[in-house]
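The values are calculated or read from the model by the stated rules, or taken from the named source; none is laboratory data. Keep in mind it's a predicted model, so treat the numbers as computed, not measured. Counting neighbours? That spans all protein chains shown, and the Cβs are built from the backbone with ideal geometry, glycine included.
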Amino acid sequence: MTGHPSPKDALLAELPSLRAFAMSLTGNHDRADDLVQETLMKAWSAFASFTEGTSLRAWLFTIMRNTFFSTHRKRRREVQDVEGMAAARMITSPAQHGHLDLADFREALATLALDQREALILVGASGFSYEEAAEICGCAVGTIKSRVNRARQRLMQILAIESAEDLGPDPTSAAARDFNDTIGGIP
Amino acid sequence: MVRVPGGRPIESRPPPTEWKSPPMSQDPADPKSPALDPRIQAHLGDQLRRLYADMLAEPVPDRFKTLLDQLERVEPPAAPPKEGPR
């Protein structure tokens, strides 16, 4: 990180990431934006406790996650799941029409247990290391690894992928290889 | 082929006790999860990143900029300590 952007600018720069993570947690635009707003307000008043030189994004994600779970725990599990699935359909953006594959994937992701989905997204999409993800979730690194692994197994089941041959020719293999370096390295 | 009305073919399914679901490991050190084919991992990872990139690309509503403007005016930010005091 170079220079010292004002807290406002620093937070503004993280907004897309905050919203994406909030969407991943809530599966619903309105609830996601409420969660972002609450997170921003908490972050603002706690900004003095942010250690410069560490990851602002990780710090904000931790706040968001804690905020989310403190309200989310009150809800019953079945309600979450049904909501999550319904919400998954709402996430569809116009840009994705014609990407049947991706629509299936989105629905499958929404049916994952929350802790698995969260771990998968932190490590596989948000670019955090396993160590950072563990810190954000307040659990052991091994727990994150095992959640990510179970998330992938579950996705395979839902998407009925039994072998790599089921995938067909994949035009995005370069990106996929790249990604594999990130998420594929679980021993 | 003999069909029993309302019944199931008798020999085609193993006794239910055979069907043990794999234990949901709570032990992070448990090495038992089977490794995924790297190509499948890559495929899942690619899908996940595309989905996430979509979310990142969404325009940020003005309400958040407005909120931060207000916060800056009303409650000037407490600066983080320049050096860790520890």
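Do any residues in the stretch B:34-52 that are under 11 Å from A:Ala164 (Cβ atoms) and within 7 Å of chain A (Cβ to nearest Cβ) have Cβ atoms under 7 Å from those of residues that are of a type in the set (S, T, N, Q) and in a helix (DSSP H, G or I), where the two are at least six apart or on different chains, and which pairs are they?
B:Pro38/A:Asn180; B:Gln41/A:Asn180; B:Ala42/A:Asn180
Kindly indicate whether any position in the stretch A:144-167 is farther than 15 Å from B:Leu48 by Cβ, modelled with pLDDT of 95 or more and small (Gly, Ala, Ser).
Yes, because at least one residue in the stretch A:144-167 is farther than 15 Å from B:Leu48 by Cβ, modelled with pLDDT of 95 or more and small (Gly, Ala, Ser).
How many of the residues making up the stretch A:18-57 are crowded, with 19+ Cβ neighbours inside 10 Å and of a type in the set (S, T, N, Q)?
Here the count works out to 4.
What number of residues in the stretch A:15-34 are within 19 Å of A:Ser45 (Cβ to Cβ) and more than 10 Å from chain B (Cβ to nearest Cβ)?
The number of residues fulfilling the criteria is 1.
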